[in-house]
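I have placed the structure first, in the form of structure tokens, so that the comments after it can refer back to it.
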Amino acid sequence: MARCDNCFFVYLGLPDVAIPRHQRFSLALWLTLLGCTLLVAATATSQEVEPTPTSPEVQPTPKSPEVEPTPISPEAEPTTIPELEPAAPEVSPPETGAEGAPELSEEVGEPVELLPTTEPVGGARWRISPHIQAKVTYDDNIFIRPDHQRADFIFTLAPGITFGYWELEEGRDYFQWKDAGSLIERARGNFLIADYTAFFLGFARTSSENTVDHDGRVAFRWELAKLTLGATLAAGSNTEADPDVGERVRVRTLAINITSRYQVSDKTLLGLALSNTINDPDGFIQTTEWRAEGFAQYAITPLLQLGLGVAGGRLDVEEGSDQVFEQILARAEYSLTDKLAAQFSGGVEFRQFDASTSDRTSPVFALGIDWRPAAATEVTLSAFRRVGASALLVDENFTITGFEATFRRALGGGLQFSLAGGYHVVSYTFARGGENRTDHYVFVRPGLFYRITDRLQVGLTYQYRRNESNLQQFGFSNNQVTAEIGLRY
């Protein structure tokens, strides 16, 4: 479970003119890239005035970090607390082992390195680190159909390269191994990292589904005396079996998040975050969401902080009613060294529609718990409730409520075990009335991994997923078995 840094946001919006759909996506990408570049330049300048260590070869070790959120996509995960960095929001290719209901983040992959790898003091430098993964997945329902299921073997070759500056190896691991089981959720140290991975997918029987997917991301984190800044940019073009639309589809995504936390005093903390997320599935409805959140927290005890926050934003729907929302949130953070950390944000959301329909009020929340009872064991738990727009039908929103849990254990001798699972309820409603839809989605994913060397790892993962819906065409069950090997430098 990630703890995160909230931040000052540099925001670039799309122009209010008629721009073709794909050009609009490309323009947003270049604008957000420019915004990240400006932020990095500004922060680097401010860092120059910071006091330097007594020894020019020794760099200060930053405090424990935190990472960011991820949007609602059939594999994307995690929670909308700005200080819980998602990973990305991001949609991963199906053969990685998962596609979930809207805003799900389940992928088959390598487990976390539970024992943090730290480099000698002064080891931070600019580096290039290539990596490659090869996978074969047996999927018994590649189109997630309720009947006439089609099974196939999916072969994946995923070469990539990581470039940037990182103080600790955890910073690099966060980007090289993107599967949920391998995500380093407590990336430590200052870093500026860019990563690109290409996914070459080949189907043994359904050659029409052969494709090349792309995943790129840039992340930045820097800790000053009182101010911690963070930013992430993620862009991808991936194919996936999407439970929202009930079929396999290519989805282009673009997400930028910039966060800051400022320590006003020993007990008072202020935070600000801004995000922009574009979800563009081929042949379905594109959505663009802007969101801003500010909060203040006060340390009641050295371990417990309580606070209040307000958030608001706009959701533009390509073919439906645009929406504006406001949230009033209570917040709490609990931290007991590196053993136990918990974050909560919850309250009420008010949502208005451009169409002539009544406003809606609903509860929203996000809870994250990260527990490390031993050096080789980690347990994470997340629970959430949030609102989004369906990509399938015009003026149809969904509310997703659920939880996910992961257990990871290093067994010794390079062997690691991971077990993940979750349950989601997704309720669909129309702005102007119509037949409502309710999905109950459950998944469980055990995995066993063996690290042959520090650079070479193999793994075997099984995943079972099931979606029960009151509309028969959206129900399905799915079994996936994945064998993989990964190499990095």
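Here 195, 213 are screened, and the one residue that is in a strand (DSSP E or B), among the acidic types (Asp, Glu) and modelled with pLDDT of 95 or more is 213. Every test in (1) under 30 Å from residue 241 (Cβ atoms); (2) in a strand (DSSP E or B); (3) aliphatic (A, V, I, L, M) is passed by residue 329 save one, and that test is (1).
Among the residues of the stretch 320-371, those that are over 21 Å from residue 308 (Cα atoms) and among the basic types (Lys, Arg) comprise 339, 360. Filtering 418, 362, 358 for residues that are more than 27 Å from residue 248 (Cα to Cα), touching a Gly at 6+ places or on another chain (Cβ under 7 Å) and of a type in the set (Gly, Ala, Ser) leaves a single hit, 418. Any idea which residue in the stretch 206-260 is farthest from the chain's Cα centre (by Cα), counting only those that are over 18 Å from residue 141 (Cβ atoms) and of a type in the set (Asp, Glu)? Going through the qualifying residues, I end up with 223. Taken over the stretch 336-353, the criterion of being touching an Asp or Glu at 6+ places or on another chain (Cβ under 7 Å), polar (S, T, N, Q) and farther than 19 Å from residue 314 by Cβ is satisfied by 343 alone. The residues of the stretch 380-416 that are open to solvent by 40 Å² or more (accessible area, probe 1.4 Å), over 18 Å from the mean Cα position of the chain (by Cα) and under 25 Å from residue 460 (Cα atoms), listed by number, are 407, 409, 411, 412, 413, 415. When the stretch 446-486 is filtered for residues that are touching a Pro at 6+ places or on another chain (Cβ under 9 Å), more than 19 Å from residue 418 (Cα to Cα) and either open to solvent by 20 Å² or more (accessible area, probe 1.4 Å) or at pLDDT below 95 (or both), the ones remaining, listed by number, are 469, 472, 473, 474, 477. In a residue-by-residue description of the stretch 285-303, the property of being within 24 Å of residue 381 (Cα to Cα), buried (at least 16 other Cβ atoms within 10 Å of the Cβ) and either without any contact (Cβ under 8 Å) to a residue 12 or more places away in the chain or in contact with a Ser or Thr (Cβ under 6 Å, 6 or more places away or on another chain) (or both) applies to no position. Answer yes or no: is there a residue in the stretch 253-263 that is part of a strand (DSSP E or B) and within 28 Å of residue 468 (Cβ to Cβ). Looking for residues that are part of a strand (DSSP E or B) and within 28 Å of residue 468 (Cβ to Cβ), one finds at least one in the stretch 253-263, hence yes. Here residue 359 clears all of (1) open to solvent by 10 Å² or more (accessible area, probe 1.4 Å); (2) of a type in the set (D, E, K, R); (3) touching a residue at least 24 places away in the same chain (Cβ under 8 Å) except the condition numbered (3).
The values are calculated or read from the model by the stated rules, or taken from the named source; none is laboratory data. Treat the numbers as computed from the prediction; the structure is a model and nothing was measured. Glycine also receives a Cβ, built like all others from the backbone with ideal geometry; neighbour counts cover every protein chain displayed. Areas reflect the complete protein model, heavy atoms only, side chains present, ligands, DNA and RNA absent. Shrake-Rupley method; radii C 1.70, N 1.55, O 1.52, S 1.80 Å.
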